[in-house]
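The values are calculated or read from the model by the stated rules, or taken from the named source; none is laboratory data. Since this is a predicted model, take the numbers as computed values, not measurements. Every residue, glycine as well, gets a Cβ built from its backbone with ideal geometry; the counts of neighbours run over all protein chains shown. Just so you know, the surface numbers come from the protein's heavy atoms only, side chains and all, with ligands and any DNA or RNA stripped out. Shrake-Rupley method; radii C 1.70, N 1.55, O 1.52, S 1.80 Å.
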Amino acid sequence: MPRWFAYTLVLALLAAGGAWAFASLDMNWNWDVVWEYRGVFWRGWWMTVALSVASLLASSLFGIVAAVMLRSRFTLAQAAARVYVELIRGTPLLVQLLIGWYVIAAALHMGTDQRYLVGILVLSLFSGAYMAEIFRGGLDAIPRTQLDSARAIGLTPGQSLWLVVLPQAVRIVLPAVAGQLVSLVKDSSLLSVISIAEFTFSARNVNSATYSTLESYLPLAVGYLALTLPLSGLSRWLEHRFRYEAA
Amino acid sequence: MILSINGLVQRFTDPGGRRPPTTVLDGLNIATGDIQALVLVGPSGGGKSTLLRILAGLDVPTSGTVAFDGVPLPRDERDLLAYRRTVATVFQAYNLFPHLTAMQNLLLPLVHVHKLTESQALERIREPLERFGLTAHADKRPAELSGGQKQRIAILRALVVQPSRLFLDEPTSALDPEMTGEVLEMIGELKALGTQFVLVTHEMGFARKVADEIAFIADGRVGAHGPTADFFDRRTDPRIRLFLERTLHA
């Protein structure tokens, strides 16, 4: 069966099932009212894009630093990274956001306009903890013999990391990192609890103004897919490229 | 090269402190003449590879001294890095970087360690690549090469940096007999070219052919050592006799 046909078939079945379910609801769709609020959705969506991009970069950085610390010879660095990873992965993001904003940011006398910074930081720290374990696994997967070879030809530790270890580790961690980034985009919806007007927050506002629940939330699914599908596509493309590199 | 080793000890301690420390080299001494090729033989676990790693500047011994031509090996990592850049080492296997082609593997140390431009590096690689019949494989990745080809590229990578000495740690022990032949042939050519090297091997016939001196290493010490002809004639030490009987009839 050709690939395009398989995809078309799966999507068609999905659409048919969805249409049947929605039809059986006997809903009075009220798209006009929601359309009035398209500006709110649009602004929220862009806010989510901005938050995601910033957190994506920051969480990769946190993840790399924590992964290197987890593998460090220094017990203190190792302990700090381990506590960070376990504490963050073991508690809900919701609680972390509330503590970050209402406790830590308040203690530091941060103004309300700094909620975006706090939101990005908490989200990045959250995702960074997962990234740390992904990166650590990738680094651990490079055999010791590769490091021996790198030392034997006279590379400095920095050069062997950059020229030998990272290019091989990237290939190993890519699929897991892409999955984590997709989660990050969706997790950004929780930033609405500290009143950041991102995409989910907008949908909630539209819903409370129009009382059209499904009409307010269905665009949400479409909007998040518009962000996460390209991420998955990019990851598959990179994977393909790196696989060729390593064959 | 004249190699002199005095009271070399290498002891590995378990960082967790649960197992007792293991002594791999136990006060090893050796003093060679001015030779081109030294071959280290002996039973597995006897300390040959550990010794070679120290000679190559990859590990620092617990105590004792090593000197080549009267120059002692440094102990500090900074100086060891500088030392490693003047020599070259080939391991049993997995020498090449799998994400790079054979050519990129050859270029890497020349460009990043020895600071040649890419065209200078290519110029230096071209001729030996041709001589050892590896030109056709230059653009392949290690996964596409046979074990013998991989080892020959690895030896070539070691050679093109023009090291003062080459260290080879059982370069054929991961290969089948046919590929062993092509790698040994290449090492034989190095001997003819005047390259100085220290080789760890189980190929006794080959050792006899290329070695100027042979050292038999067992239990972390030198069991016997001397010019190659003497070594095979004088089988007084029962350990050497047993070892030779096993390896020659294997």
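In degrees from 0 to 90, rounded to the nearest 10, what is the angle of the helix B:147-160 Cα long axis to the longest principal axis of chain B?
Helix B:147-160 and the main axis of chain B meet at about 90 degrees.
Please calculate the 1.4 Å probe accessible area of B:Phe12, with all protein chains present, and give it to the nearest 10 Å².
Its heavy atoms expose roughly 90 Å² to the probe.
More than 40 angstrom separation, counting every C-alpha pair in the protein assembly as shown; what % is that?
Above the 40 Å cut-off, the protein assembly as shown has 44 percent of its Cα pairs.
On the protein heavy atoms, probe 1.4 angstrom, tell me the percent of accessible surface of the protein assembly as shown carried by carbon and sulfur.
61
Which order do you get for A:Trp46, A:Trp4 if you rank them by accessible area with a 1.4 Å probe, largest at the top? Please report the intermediate quantities before stating the final value.
Working: A:Trp46 125, A:Trp4 170 Å².
Largest accessible area first, the list is A:Trp4, A:Trp46.
As an exercise, use a Förster radius of 51 Å and the Cβ-Cβ distance of A:Glu86 and A:Tyr217 to find the FRET efficiency, rounded to the nearest 0.05.
0.90
Tell me which of B:Phe68, B:Thr86, B:Ser44 sits at the most positive position along the dipole axis of segment B:29-186, charges placed on C-beta atoms (Lys, Arg +1; Asp, Glu -1).
Final value for the positive-end residue is B:Thr86.
List the equivalent ellipsoid semi-axes of segment B:95-163 in whole Å, largest first, each obtained as the square root of 5λ for an eigenvalue λ of the Cα gyration tensor.
18, 13, 10
Which percent of Cα pairs goes in each bin when the distances of segment B:7-150 are cut into 5 angstrom slices starting at zero?
So the P(r) values, bin by bin, are 2, 7, 13, 16, 16, 14, 13, 11, 6, 2, 0.
Taking the Cα centre of segment A:56-246 as origin and charging only Cβ (+1 Lys, Arg; -1 Asp, Glu), how large is the dipole, in debye to the nearest 20?
Dipole of segment A:56-246, to the nearest 20 debye: 460 debye.
Taking the Cα centre of chain B as origin, work out the dipole magnitude from +1 charges on Lys and Arg Cβ and -1 charges on Asp and Glu Cβ, in debye rounded to 20.
440
List the GluC sites (Glu not before Pro) within segment B:103-144 that DSSP assigns to loop and that have no more than 11 neighbouring Cβ atoms inside 10 Å.
Sites meeting the loop and neighbour criteria: none at all.
Using the Karplus curve 6.51 cos²θ - 1.76 cosθ + 1.60 with θ = phi - 60°, what ³J(HN,Hα) values do you get for each residue of segment B:137-143, in whole Hz, with x for Gly and Pro?
Once θ is set to phi - 60°, the couplings for segment B:137-143 become 9, 4, 9, 8, 8, x, 5 Hz.
In square angstrom and rounded to 100, what buried accessible area do you get between chains B and A, total over both, with the probe at 1.4 Å?
1900
Return the average number of partner chain Cβ atoms within 10 angstrom of each residue Cβ along peptide B:83-95.
For peptide B:83-95, the averaged partner shielding equals 3.
Classify chain A: rounded, prolate or oblate, from the alpha-carbon gyration tensor (a ≥ b ≥ c, eigenvalue square roots; a/c under 1.5 rounded; otherwise prolate if a/b is larger than b/c)?
The shape class here is oblate.
Nearest 5 percent is fine: what portion of the DSSP beta bridges confined to chain B is antiparallel?
Details: 20 of 36 bridges.
Close to 55 percent.
Taking a cut-off of 24 Å between Cα atoms, list the lysines near B:Lys48, but don't count ones fewer than 8 places away on the same chain.
Qualifying lysines at Cα under 24 Å: B:Lys150, B:Lys191, B:Lys209.
If ligands, DNA and RNA are left out, what is the accessible area of A:Phe22 with a 1.4 Å probe, given in Å² to the nearest 10?
Its heavy atoms expose roughly 80 Å² to the probe.
Per residue, how large is the accessible surface of the protein assembly as shown? Use a 1.4 angstrom probe and give square angstrom. Can you show the working numbers first?
On the way: 25450 Å² over 497 residues.
About 51 Å² of surface per residue is accessible.
Mind checking B:46-52 for the average number of partner chain beta-carbons within 10 Å of each residue's beta-carbon?
So the per-residue partner count for this stretch is 0.
What residue among A:Leu11, B:Pro163, B:Gly16 has its Cα farthest toward the positive end of the dipole of the protein assembly as shown, where the charges are +1 on Lys, Arg and -1 on Asp, Glu, each on the Cβ?
Positive-most Cα among the choices belongs to B:Gly16.
What do you get for Rg/Rh over segment A:105-247 if you use C-alpha atoms and the Kirkwood form of Rh?
A ratio of 1.14.
Trypsin sites (Lys or Arg not before Pro) within segment B:104-150: which are DSSP loop residues with at most 10 other Cβ atoms inside 10 Å?
B:Lys115
Answer with one residue from A:Ala77, A:Leu123, A:Pro157: the one whose Cα lies farthest towards the positive end of the charge dipole of segment A:56-246, charges on Cβ with Lys, Arg +1 and Asp, Glu -1.
Of the listed residues, the answer is A:Pro157.
Within segment A:8-25, which residues have the backbone N less than 16 Å from the label spot 7 Å out from A:Trp31 along Cα→beta-carbon, could you tell me?
Only A:19-20, A:22-23 fall inside the zone, counting backbone N under 16 Å.
Would you mind giving the mean number of other chain beta-carbons within 10 Å of the Cβ of each residue in A:155-168, as a whole number?
Mean inter-chain Cβ contacts per residue within 10 Å come to 3.
Could you work out how far helix A:75-90 tilts from the main Cα principal axis of chain A, as a 0 to 90 degree angle to the nearest 10?
Approximately 20 degrees, to the nearest 10.
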